[in-house]
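Reading through the structure tokens given below for one structure.
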Amino acid sequence: MTTHILSPDTQATLLLCGIFGQTDPDTLPPLTVSEYSDVAQWLLSQKLRPADLLQPEVLPHLRTFTHPKISVERLEALLKRGGALALAVENWTNKGLWILSRSDAEYPKHFKEKLKQAAPPILYGVGNQTLLDRGGLGIVGSRDVDEAGLMFTREVVAMCRDEHVQIISGGARGVDTTAMLSALEINGQAIGVLADSLSRAAVSKQYREGLKKGNLVLISPYYPEAGFSVGNAMGRNRYIYTLSDATLVIDSGLSSGGTWHGAIENLNKGWVPLLVRTGEDVSEGNKRLIELGGTPVSLESFAAPKDFQAWLHSFPLPNGGDSVSTKQAAPKILDGLFEVVWPYLEAALYQPKTDQELAHSLNLHIEQVQAWLIQAVNMGKAKKLTSPERYVAVAAQEVQQLTLFN
């Protein structure tokens, strides 16, 4: 139920971090995520909660706070904005919006677990809050994706709907909007993580039915009236990844753009498995993401599993990950099939390849390929090359040497 009555902790956090309308250039700025985290750590060390900052008797205690970038005067000025907060909250709730802080039970647990102190202090939203912790498949991609990419997106969304897996995306033109609206059109569920204009989206015709049915929640860590900014668009990608069980890249630029940078951040942080659309006509960005550790997937990959939910949770985290439970869910290595698959591996290794290139070319899981390559080397069927590290079939190398000397 939408209400303008905020918990005391959320009131205090919103006063410290929120924007309430046009800001005066001379006004002290609200706290950033990292600044708020420093204040929260200090409160914890003092056995205080954010709500305690609203009590007059805590003011002398607050004046003992020291920080190289945050003055006590700034904190006091931010906490005195109660009138502006009341007007802003009333305006937002009249549009159906709600507000959560880290202290609220409804705040996404995924953010706390994966982002920790980098989790947004305040989350604005509209729609069904219970969707926030259900996981699902994140889908991201270019605004200017081709029709093949959009068709791939629609078909994946349809398969997810059949398996009761919700979609998490960003609401931008192209892949994001296609993923979300395709889910809603077939009575699926979706989370939209918006980088701007949440207030406008909350009353948008395209989302009205999904919100009414409880099949949609739109959220944003940014001021609900905020216009588009590149920084916010880049920053929201981490929230798509961390709400999902795995995230699928439909189409990415090479070394540029929000989709690329979001995928690279996930690979570095190891939040969730990165799935990347593969095929003959995919972008160079997709190919490079696979080389860097993304798992190549096709429509056949999504259609094959008998247990879709288990399959979605079977992919390993990128190397940066630290989630034991997800790593334990990695697929079982099929040792007994080596003799069956070796002729295919041998043919693919006629020219030297990295393990990633081999996995990509045969559309196999990287861990399975690595296990078979180790077995092939131990059996003398393949040779491991260095500088750079690659593998080649021994028979192929012998043929090449004969050709050279003849």
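The values are calculated or read from the model by the stated rules, or taken from the named source; none is laboratory data. Quick caveat, the model's predicted, so the values are computed rather than measured. As a convention, Cβ positions derive from the backbone with ideal geometry for all residues, glycine included, and neighbour counts pool all protein chains shown.
Remarks
- Residue match in region 60-69 (condition: within 30 Å of residue 271 (Cα to Cα) and in the same structural domain as residue 16 (by TED's automatic domain parsing)): yes
- Residue selected from region 277-299 under the condition hydrophobic (A, V, I, L, M, F, W, C) and part of a helix (DSSP H, G or I), by the criterion surrounded by the most Cβ atoms within 10 Å (Cβ to Cβ): 289
- Residues located in region 227-248, provided they are of a type outside the set (Ser, Thr, Tyr) and under 20 Å from residue 115 (Cβ atoms): 231, 232, 233, 234, 235, 236, 237, 238, 240, 243, 245, 246
- Residue-level check: of (1) buried (at least 22 other Cβ atoms within 10 Å of the Cβ); (2) at pLDDT 95 or above, residue 171 misses just (2).
- Residue match in region 87-98 (condition: within 23 Å of residue 48 (Cβ to Cβ) and either among the aliphatic types (A, V, I, L, M) or over 20 Å from the mean Cα position of the chain (by Cα) (or both)): no
- Qualifying residue in region 300-312 (condition: buried (at least 22 other Cβ atoms within 10 Å of the Cβ), touching a strand residue (DSSP E or B) at 6+ places or on another chain (Cβ under 8 Å) and of a type outside the set (Asp, Glu)): yes
- Candidates are the residues of region 153-165 that are among the hydrophobic types (A, V, I, L, M, F, W, C) and touching a Gly at 6+ places or on another chain (Cβ under 8 Å); the one that is farthest from residue 306 (Cα to Cα) is 157.
- When residue 103 is tested against the conditions (1) assigned to a helix (DSSP H, G or I); (2) closer than 30 Å to residue 270 by Cβ; (3) polar (S, T, N, Q), the lone failure is (1).
- Selection from region 259-276 of residues that are over 11 Å from the mean Cα position of the chain (by Cα) and either under 17 Å from residue 179 (Cα atoms) or of a type in the set (Asp, Glu) (or both): 275, 276
- With a requirement of 2 or more residues that are among the polar types (S, T, N, Q) and either closer than 16 Å to residue 138 by Cβ or within 17 Å of the chain's Cα centre (by Cα) (or both), the helices (runs of 4 or more DSSP H) lying completely within region 170-247 that satisfy it span 175-185, 237-243.
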